[in-house]
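Q: If you scroll down you'll find the structure; I have some questions about it.
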Amino acid sequence: MIVRRQRPNVCYHNADLENLDVEMGFPVAKPVSGNVGIAGYTISVQKAVSGIFLGAYEYTDPLMFEIMQWIKEHGYEQQGKVYNYYLNDDDRNANELLTQIVVPIK
């Protein structure tokens, strides 16, 4: 899958809710150099499983579990960081929000 129009995203480095390690991403028109606490990089093209959730951000877990189950059932393994892309803004009802979850696989 190729995500053509990048949106703000969250990248999850782990799933430990007691010590969660995440990064926030924002698309930019051209490369930026890093400074204290900010780094610029390009997300490489990779094979991934993806789904889109309609509803409030805090209720996306069932879609993530479904994606992980699909990966296992089809003989793939998760590889790399999990990304959540926020496809529309939060200037709408929570039940209208769209979140795309992207899980790289091998």
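The values are calculated or read from the model by the stated rules, or taken from the named source; none is laboratory data. For clarity, every value in this text was computed on a predicted model and none was experimentally measured. Cβ placement follows ideal geometry from the backbone for every residue including glycine, while neighbour counts extend to all protein chains displayed. SASA here: full protein model, heavy atoms, side chains in, ligands and nucleic acids out. Shrake-Rupley method; radii C 1.70, N 1.55, O 1.52, S 1.80 Å.
Q: Please compute the Cα-Cα pair-distance distribution of the chain with 10 Å bins starting at 0, giving whole percents from short to long.
A: Spelled out per bin, shortest first, that is 13, 43, 35, 9, 0.
Q: Provide the net charge surrounding F53, with neighbours chosen by a C-beta distance below 13 Å and charges set as Lys +1, Arg +1, Asp -1, Glu -1. If you can, show how the numbers build up before the last one.
A: Numbers: positive: none; negative: E58, D61, E66, E96.
Local net charge: -4.
Q: Suppose accessible area is computed on protein heavy atoms with a 1.4 Å probe; arrange M64, M24 from highest to lowest.
A: M24, M64
Q: Further, regarding this structure: Let me check I've understood the local charge: for Y76, count other residues with C-beta under 15 angstrom from its C-beta, Lys and Arg +1, Asp and Glu -1. What total comes out? Show your work: numbers first, answer last.
A: On the way: positive: K47, K72, K106; negative: E66, E73, E77.
That sum, taken over residues with Cβ under 15 Å, equals 0.
Q: Ordering K30, K81 by accessible area with a probe of 1.4 Å, largest first, what comes out? Can you show the working numbers first?
A: Numbers: K30 150, K81 75 Å².
Highest to lowest solvent-accessible surface, that is K30, K81.
Q: Give me the percent relative contact order of the chain, please, defined on Cα pairs under 8 angstrom at least 6 residues apart.
A: 32 percent
Q: Could you please put F65, F53 in sequence from largest to smallest accessible area, using a 1.4 Å probe?
A: The residues order as F65, F53, largest area first.
Q: Tell me the accessible surface of S44 in square angstrom (1.4 angstrom probe, heavy atoms of protein chains only), to the nearest ten.
A: 80 Å²
Q: Right, something else. Lysines within cross-link reach of K72: Cα-Cα under 30 Å, excluding same-chain residues under 8 positions apart?
A: Of all the lysines, those that pass the test against K72 - Cα under 30 Å, at least 8 places apart if same chain - are K47, K81, K106.
Q: Taking only protein heavy atoms into account and a 1.4 Å probe, give the accessible area per residue of the chain in Å².
A: 74 Å²
Q: With only Lys, Arg, Asp and Glu charged, each at its Cβ (+1 for the first two, -1 for the last two), find how big the charge dipole of the chain is about the Cα centre; round to the nearest 20 debye.
A: That gives a dipole near 680 debye.
Q: Of A29, A94, A56, which is the most mobile in a GNM of the chain whose springs link Cα atoms less than 10 angstrom apart?
A: Among A29, A94, A56, the largest mean-square fluctuation in the Gaussian network model of the chain belongs to A29.
Q: For region 63-106, what is the charge dipole size about the Cα centre, in debye to the nearest 20, if Lys and Arg each add +1 at the Cβ and Asp and Glu each add -1 at the Cβ?
A: In debye, rounded to 20, region 63-106 gives about 280.
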